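A short worksheet on the structure shown next.
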Protein chains: 2
Amino acid sequence: MMKAKIEITLKNGVLDPQGKAIEGALSGLGFQEASNVRQGKVIEFEIDAVDEAAARDRAEEMCRKLLANPVMENYSIAISA
Amino acid sequence: MMKAKIEITLKNGVLDPQGKAIEGALSGLGFQEASNVRQGKVIEFEIDAVDEAAARDRAEEMCRKLLANPVMENYSIAISA
């Protein structure tokens, strides 16, 4: 059983209202040094596969078919033992 | 200007209905090999600080004061140039 970790972030240029809200809240608390705040998702799970390459292929397919919206989002996949 | 990346995940034992919903959807699409799915957040931003240690301290403070709920969530901070 391996572990998969998928990070999904909005593409550059896609408006990120959540990120903007966080940036405003940080600024209101005195953290003016934070700028260009963006919020993304991380999805972690255990994956049953014969090897790391197979696990990565399946995780890639999960991203394309369900987890990520390729029009607006980038994703990266990390597989670990 | 450095980059900060903060990963916020639910602590073990905290129910994760979003993760369960993703697991159900994956299973329905034929991805039965994924189990124990958990969803977290990743927050990325640029941070203005004199050095990496200072940036980390401020990011830590942001997590404690706003970004994470320490009762239910773990967080990890990565600072890069």
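The values are calculated or read from the model by the stated rules, or taken from the named source; none is laboratory data. Treat the numbers as computed from the prediction; the structure is a model and nothing was measured. No Cβ is skipped: glycine too gets one built from the backbone with ideal geometry, and neighbour counts run over all protein chains shown. With ligands, DNA and RNA removed, areas are computed over all heavy atoms of the protein, side chains included. Shrake-Rupley method; radii C 1.70, N 1.55, O 1.52, S 1.80 Å.
A:Met72: accessible area at probe 1.4 Å, nearest 10 Å²?
Approximately 80 Å² for this residue.
On a 0 to 90° scale, report how tilted helix B:17-28 is relative to the longest principal axis of chain B, with both axes built from alpha carbons and the result rounded to the nearest 10.
50 degrees
Please work out the FRET efficiency for the pair A:Ala81 and B:Lys11, using the Cβ-Cβ distance as r and a Förster radius of 25 Å; give the result to the nearest 0.05. List each step's numbers first, then the result.
Numbers: r = 23 Å, r/R0 = 0.92.
Efficiency, from the Cβ-Cβ distance: 0.65.
Between the range A:7-48 and the range A:59-81, how far is it from one alpha carbon centroid to the other, in angstrom?
So the separation of the two Cα centres works out to 18 Å.
Under unit Cβ charges (Lys, Arg +1; Asp, Glu -1), what dipole magnitude, rounded to 20 debye, does the protein assembly as shown have relative to its Cα centre? Could you put the intermediate results ahead of the total?
Working: 20 positive and 26 negative charges, 78 e Å.
Around 380 debye, computed over the protein assembly as shown.
Along Cα-to-Cβ, 7 Å out, sits the label point; list in nm, shortest first, how far the one on B:Leu66 is from those in the other copies.
3.4
Give me a single rounded figure for B:43-50: the average over its residues of other chain Cβ atoms within 10 Å of their Cβ.
On the way: counts 10, 8, 12, 6, 6, 4, 2, 0.
Neighbouring Cβ atoms belonging to other protein chains average 6 per residue here.
Tell me the accessible surface of A:Lys20 in square angstrom (1.4 angstrom probe, heavy atoms of protein chains only), to the nearest ten.
Per-residue accessible area (A:Lys20): approximately 130 Å².
Taking the Cα atoms of the protein assembly as shown alone, what are Rg (to one decimal) and Dmax (as a whole number) in Å?
Here Rg and the maximum Cα pair distance are 16.7, 50 Å.
From the protein chains alone at 1.4 Å, what is the descending order of accessible area for B:Val37, B:Val71, largest first? If you can, show how the numbers build up before the last one.
Numbers: B:Val37 5, B:Val71 115 Å².
Result of the area sort, largest leading: B:Val71, B:Val37.
Which chain A residue comes nearest the axis with its C-beta when you rotate A onto B, and by how many angstrom?
Residue plus distance in Å, as requested: A:Val42, 2.
Of A:Arg38, B:Arg64, which has the most accessible area and how do the rest follow, probe 1.4 Å?
Values: A:Arg38 55, B:Arg64 140 Å².
Sorted by accessible area, descending: B:Arg64, A:Arg38.
What's the long-distance tail for chain A, i.e. % of Cα pairs beyond 22 Å?
On the way: 1287 of 3240 pairs.
Tail of the P(r) past 22 Å holds 40 percent of the pairs.
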